[in-house]
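Q: Take this structure first; my questions come after.
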Amino acid sequence: MSEYFLGDVVLAPLSFGGRNEVKIRPAVVIGTDSKGFVRLCPVTSRISPDSSNIPLGLDDFATGGLSLFEESYILTSHVFGIRKNEIIGKKGRLTDEKINAISNLITFR
């Protein structure tokens, strides 16, 4: 089983925005626990008016990346918990600067 760390960008099955539809989408790892769960914030191309949005571009990746054709956003107010084995794959890792920006907006429990 793969290990995931704060700032890793993964592909995972998520559902948000009031829909019951689950989509495979990019998300940023914001935490893990010893029981095999990973906490994620989704990445989307649509800015959310009711949440904290962190812009995400190609320059924000220390390694790997996403096929971003337009600016995307990390939705820090939408936190999901899923099992590690549900993650489809790892796409990259964010820069330390971007990880710090995320950490400043998220309340870790």
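We did not get these values from a lab; they are worked out from the coordinates using the rules stated. On a predicted model such as this, the values are computed, not experimentally measured, just so you know. We place every Cβ from the backbone using ideal geometry, glycine too, and count neighbours over all the protein chains shown.
Q: Restricting to Cα pairs below 8 Å that are 6+ residues apart, what does the relative contact order work out to for the chain? Please round to a whole percent.
A: Computed over the chain, the figure is 32 percent.
Q: Also, quick follow-up: Quick one: give the max-minus-min coordinate of the C-alpha atoms of the stretch 8-100 along each principal axis, largest first, in Å.
A: 32, 29, 22
Q: Summing +1 for each Lys or Arg and -1 for each Asp or Glu, what net charge is found among the other residues whose Cβ lies under 13 Å from the Cβ of LYS35?
A: Every neighbour counted, the sum reads +2.
Q: Long-range amide H contacts for ALA62: which residues qualify at under 5 Å (H placed 1.01 Å from N, peptide plane, sequence gap of 5 or more or a different chain)?
A: Long-range HN contacts for ALA62: ARG93, LEU94, THR95.
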